[in-house]
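First up is the structure itself, then whatever we jot down about it.
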Amino acid sequence: MTGAHAGMAHPRLLHMGLLLATACFAVLGMCVGSTGLDNLAAALLSPGHDASAYALAQQIVLDIRLPRTLGAWAAGALLGLAGAMAQGLFRNPLADPFLLGSASGASLGVALALAAMSSMSGSAYMLVSLSGGASAGGWLLRLGLTGSAFLGAVLAVLLTIVLSRGVQHTMRLLLAGVVVGVVLGALTQLVLLMWPDSLQTMQAFLLGSTSFVGWASFGLMAVVWLVCAALAVMLAKVLDGLSLGESTAVSLGLPLRSMRAALVAVLALATAAAVAQTGLIAFVGLAAPHLVRSMARVKHAQLMLLSSLVGGLLLMAADTAARWLVAPQELPVGVLTAVLGGGYLLWLMRGNSAPTQA
């Protein structure tokens, strides 16, 4: 074993370790919340003693904490997968899932939806409906915001592709994504300035939150993750070819134009699905591939799957910590991932060693 590969884990062992850690954090996530674990345990272990307390404890664990914990994993898995795809597609270790303007498009979509709703019913109604997820108003509001975020993210990516005149030039695509992100971000701020009543509700989306993720949201993200992961593995050959250079990829007979378009579509779908359910959560998609590269030397097929597992584990752990650190209050999980992710990248830069592309 050479010095470059010393200390690297076997991919199969890394898969098993990540799955085991995910299972442990899933159990831990069901135990952490505003209601004390001792009260829940007492109610669950003695169902006949107090039927109402048992039903409440069961609802808290199975209908609130469990889907939220699993939803955090699904969102992180989508972002980790999208981050590995973006870094391979752009051949840039600092690329993240939001480079194509999807985050700014989703933010603008949510801002416009909130502005329309606030003009009709007022911000107080929005806040009450958003917190009361079981009510009809809460479900309609969540559905409207989720649909607006997804539609805005997809339209932003399409606009980026139009401005870059296709996907054949990655540098032009990257620059178009940056321009679209800046312009749509400015439009979002303009909407919030004109309709300030929606600002407070918008903060939950901008800071990132898993508070409103239920079984329906988890199921949707899980299905999208399965589809995107399968497509990403099928398209991994083009990323392996691009890592050797575009001319080498062409000489290998890879249909770069069509496969780039497919990669961009999968990247946009994965990012939009996660952002629509949890808002803007930073650094998960950026840090997950670097963590995998620091632990194992793999090709892009395994890199994307491992990055997905690492991303899910990171966001699940961050969500659990966000509920525990200042309990019974909660920290926005996006703030926590930004602090931890920024600290990790600063640690990588220590000693003048920048992140490298596999």
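From the alpha carbon gyration tensor of region 195-290, can you work out the equivalent ellipsoid semi-axes (sqrt of 5 times each eigenvalue) and give them in Å, largest to smallest? Don't skip to the end; give the middle numbers.
Numbers: eigenvalues 231, 46, 27 Å².
Each semi-axis is the square root of five times an eigenvalue, giving 34, 15, 12 Å.
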Checklist line | Accessible area of region 171-247 belonging to carbon and sulfur atoms, whole % at 1.4 Å probe | finding: 76 percent
Item checked: Gyration tensor over alpha-carbon atoms, region 222-358, equivalent ellipsoid semi-axes in Å -> 31, 19, 11
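May I ask for the equivalent-ellipsoid semi-axes of region 144-252, computed as the square root of five times each C-alpha gyration tensor eigenvalue and listed largest first in whole Å?
Numbers: eigenvalues 215, 98, 20 Å².
Each semi-axis is the square root of five times an eigenvalue, giving 33, 22, 10 Å.
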Next item on the list: Using packing as a proxy for protection, rank 89-97, 75-83 so that the peptide with the highest average count of other Cβ atoms within 10 Å comes first.
Entry: 75-83, 89-97
Check: For residue 329 and residue 21 in one chain, what is 0.36 nm times their gap in residues minus the Cα-Cα distance, to one decimal in nm?
Finding: 108.3 nm
Notebook entry, point to check: Roughly how many whole Å is it from the C-alpha centroid of region 290-312 to that of region 187-262?
Noted result: 17 Å
Next item on the list: Could you rank 179, 284 by how accessible they are, 1.4 Å probe, largest area first?
Entry: 179, 284
Check: Over region 50-121, what percent of the accessible surface lies on carbon and sulfur atoms, probe 1.4 Å?
Finding: 64 percent
Note to self: I'd like the FRET efficiency for residue 234 and residue 158, computed as 1/(1 + (r/R0)^6) with the beta carbon distance as r and R0 of 22 Å, rounded to 0.05.
What the structure shows: 0.45
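The values are calculated or read from the model by the stated rules, or taken from the named source; none is laboratory data. Computed from a predicted structure; not experimentally measured. Here Cβ is always computed from backbone atoms with ideal geometry, including for glycine, and neighbour counts include all displayed protein chains. Just the protein is used for accessible areas: all its heavy atoms, side chains included, with ligands, DNA and RNA removed. Shrake-Rupley method; radii C 1.70, N 1.55, O 1.52, S 1.80 Å.
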